[in-house]
Amino acid sequence: MNDHSSDPTHNQHSDEQPETAEAKTSSRTEEAFRDLTDAARKAFDAGMSDAREAADSFVPRAREEFEKGTHDVAYAFAYVGAFGAALLDEITPGSVRSGFETGAAAGRRAATESARKKEEPGEESPQASDESDTVNTEDSPSPEPPQGEGPELA
């Protein structure tokens, strides 16, 4: 005779054992997922904190580097401009210099006159009134620049 089949407590015990094991496995799985979720949340928070710190330190450094780069570009343009102007001043013949000065003065007068004429409609055009600005090359091969106008080139 089989003792196991006749014992009612033994059957109950064997039925309860899988439920208990199943409950323990379920509990361990939930605990493992909670631990994994907590670890992921902590890693995400730490990453966000590190990213904020990096961004906070990056912005001032980037601004500093941008300003330094802008300064260097401005310096280069100013250097090239000043060097070019000084070199041009040294190698330019007097007749070319005089032509530039006279042309610049005539251009300024024409621009001023044109702006004035735009404000007062109905008057004659700037070309008709500025005949005195043209230089007759037959009479004077190197005209003198107007006094008090334009930059003085040595």
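No lab work stands behind these numbers, since they all come straight from the coordinates. These figures come from a predicted structure and were not determined experimentally. Positions of Cβ are generated from backbone atoms using ideal geometry, with glycine treated the same way; all protein chains shown enter the neighbour counts.
With R₀ set to 25 Å, the beta-carbon distance separating residue 32 from residue 52 gives a calculated FRET efficiency near 0.25. Here the spin labels are modelled as points 7 Å beyond Cα on the Cα-Cβ line, and at residue 104 and residue 90 they lie 1.9 nm apart. The stretch between residue 25 and residue 82 holds 12.2 nm of extra length on full extension. This uses 0.36 nm per residue minus the Cα-Cα distance.
Between residue 114 and residue 39, the simple label model (points 7 Å from Cα in the Cβ direction) yields a spacing of 7.7 nm.
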